[in-house]
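Each remark here refers to the structure printed beneath this line.
The values are calculated or read from the model by the stated rules, or taken from the named source; none is laboratory data. Owing to the predicted nature of the structure, the values given are computational and were not obtained by experimental measurement. Don't worry about glycine lacking a Cβ; one is built from the backbone with ideal geometry, like all the others, and counts go over all protein chains shown. Areas reflect the complete protein model, heavy atoms only, side chains present, ligands, DNA and RNA absent. Shrake-Rupley method; radii C 1.70, N 1.55, O 1.52, S 1.80 Å.
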Amino acid sequence: PPGTLCRTKPTDLVFIIDSSRSVRPHEFEKIKVFVSRVIEALDVGPNATRVGVVNYASAVRSEFSLQSPQSKAALLRAVRGIQPLSTGTMTGLAIQFAVSRAFSAAEGGRGSAPNFKKVAIVVTDGRPQDGVQDVSAQARAAGIEIFAIGVGRVDMGTLRQMASEPLDEHVDYVESYSVIEKLTHKFQEAFCVVSDLCATGDHDCEQLCVSIPGAYRCACRDGFSLNSDGRTCTACNGGLGSALDLVFLIDGSKSVRPENFELVKKFINQIVDSLEVSDKQAQVGLVQYSSSVRQEFPLGQFKSKKDIKAAVKKMSYMEKGTMTGQALKYLVDSSFSAINGARPGVPKVGIVFTDGRSQDYISDAAKKAKDSGFRMFAVGVGNAVEDELREIASEPVAEHYFYTADFRTISKIGKKLQMKICVEEDPCECKSIVKFQTKVEELITSLQQ
């Protein structure tokens with residue numbers, strides 16, 4: 001259950017939510033779901049995290065304050081009862097209200113206590129009808145950490161004027177209210193003090209994680225030994241090496257944005273770093289797609305990690321639509337063909353990366369990829385559709401699909417993928433092969449004698 005593995009920092013948290021006339025009633029319900037999901041993950045209580053909600057349009061209304069009953073059930077009931085105001089968009093006025101009233105001691109604020117944080121989460125979908133820059137600076141100077149979430153046709157400059165530094169951690173954008181719930185995980189993590197890194201899965205051990213006070217160490221299962229990097233394991237020292245044909249299928253649609261496309265390149269090279277690249281071990285290919293499909297380089301074209309990573313860095317951004325089905329068909333028909341460097345009998349792995357809903361049909365190509373014996377991983381960011389990711393991913397699906405709301409956290413997915421794409425060797429199988437090989441060599445030697 002939320003909070004069991006993660007204690008949240010004692011915080012005075014105030015949501016400042018836009019309910020102007022541009023926010024339709026069904027969209028406002030999505031905001032309430034988002035607020036509820038964040039609250040569900042908090043350690044709520046009078047001496048833990050306190051929550052308040054400020055609702056605004058042309059006027060400002062305090063829905064409940066930091067001194068309201070602070071049980072989780074009471075807060076969730078109060079959120080369900082919030083109604084939209086449906087007038088203008090006075091965002092600056094709402095922030096001013098938060099500074100002077102919502103975080104005040106009279107309303108339950110604990111700003112004078114050094115151990116308590118003050119956090120405001122602003123959700124808006126439009127351009128404010130008043131100024132936000134000065135009042136936001138005043139709020140930050142008062143020790144309030146501001147997260148700004150923009151939806152749809154929001155003015156991004158306004159979000160940056162409101163948010164705390166660093167901006168890339170405090171400004172978020174979603175295309176519509178229907179996907180705002182995907183930001184929940186980011187805020188659950190933002191308020192989290194991890195007490196057991198192994199239990200929460202926030203580690204990079206390949207096999208076993210052992211908790212130690214405030215940290216962890218990695219270990220290996222029987223039959224494996226820990227490598228010098230302190231996190232990966234090797235089966236049967238001196239055993240057989242693993243060959244692998246790996247192709248990345250990367251979304252280059254315009255919704256990704258240039259700065260995020262650079263993060264995707266780093267994500268690719270993070271995984272390449274974990275491979276042993278050679279003619280007899282791992283080969284890497286790269287395909288980018290948007291409204292069309294473009295092979296950046298085929299399997300085996302580059303023979304070293306250095307050359308692969310250089311080619312990835314040079315990749316230009318296509319910046320058009322999102323034809324994921326067409327890209328999957330290309331992967332099946334061309335990427336893993338012998339003419340494009342694929343080796344017979346070598347395991348085939350595809351990593352599909354996307355940030356939005358496909359504009360074409362993916363089911364047939366996704367099924368064909370898996371039926372062909374390819375091991376398919378699906379990685380989604382932002383507005384990616386999780387049902388589509390599951391359809392692309394191999395079984396067991398939970399181990400082959402990943403989602404994050406934020407491009408900045410894809411490196412964590414990269415760590416998990418590094419561990420999963422390698423073809424694991426059964427230590428018993430490895431020992432039996434070595435034993436069989438030794439026996440055969442002894443028989444051949446005796447026959448020759």
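Before moving on, here are some points about what is shown:
- Count of segment 351-369 residues, restricted to those that are open to solvent by less than 70 Å² (accessible area, probe 1.4 Å) and in a helix (DSSP H, G or I), is 4.
- Segment 280-303, subset open to solvent by 10 Å² or more (accessible area, probe 1.4 Å) and outside any loop (DSSP other than H, G, I, E, B), residue farthest from Val385 (Cα to Cα): Gln283
- Counting the residues of segment 370-412 that are among the small types (Gly, Ala, Ser) and without any contact (Cβ under 8 Å) to a residue 40 or more places away in the chain gives 7.
- Residues that are modelled with pLDDT of 90 or more, under 17 Å from Gly350 (Cα atoms), within 26 Å of the chain's Cα centre (by Cα) and open to solvent by 30 Å² or more (accessible area, probe 1.4 Å) are absent from segment 225-245 altogether.
- When residues of segment 163-183 are limited to those that are open to solvent by less than 30 Å² (accessible area, probe 1.4 Å) and in contact with a Phe, Trp or Tyr (Cβ under 6 Å, 6 or more places away or on another chain), the one modelled with the highest pLDDT: His170
- Filtered residue count, segment 155-181, keeping only those that are assigned to a loop (DSSP other than H, G, I, E, B), in contact with a Gly (Cβ under 7 Å, 6 or more places away or on another chain) and more than 19 Å from Glu29 (Cβ to Cβ): 0
- Among the candidates Leu42, Leu76, Leu85, residue that is touching a Leu at 6+ places or on another chain (Cβ under 9 Å) and in the same structural domain as Lys117 (by the TED database): Leu42
- Selected residue [surrounded by fewer than 16 Cβ atoms within 10 Å (Cβ to Cβ) and either of a type in the set (Lys, Arg) or not assigned by the TED database to the domain that holds Asp125 (or both)] from Arg37, Arg61, Arg50: Arg61
- Residues in segment 304-325 that are assigned to a helix (DSSP H, G or I) and of a type in the set (D, E, K, R): Lys305, Lys306, Asp307, Lys309, Lys313, Lys314.
- Meets criteria (open to solvent by 50 Å² or more (accessible area, probe 1.4 Å) and under 24 Å from the mean Cα position of the chain (by Cα)) for Lys313: yes
- Remark: Gln270 falls outside the filter, which requires a residue to be crowded, with 17+ Cβ neighbours inside 10 Å, under 20 Å from Ile410 (Cα atoms), polar (S, T, N, Q) and at pLDDT 90 or above.
- So Gly92, is it surrounded by 15 or more Cβ atoms within 10 Å (Cβ to Cβ), closer than 23 Å to Arg160 by Cα, touching an Asp or Glu at 6+ places or on another chain (Cβ under 6 Å) and among the small types (Gly, Ala, Ser): yes
- Considering only residues in segment 118-154 that are more than 25 Å from the chain's Cα centre (by Cα) and open to solvent by 50 Å² or more (accessible area, probe 1.4 Å), the one that is nearest to Phe28 (Cα to Cα) turns out to be Arg127.
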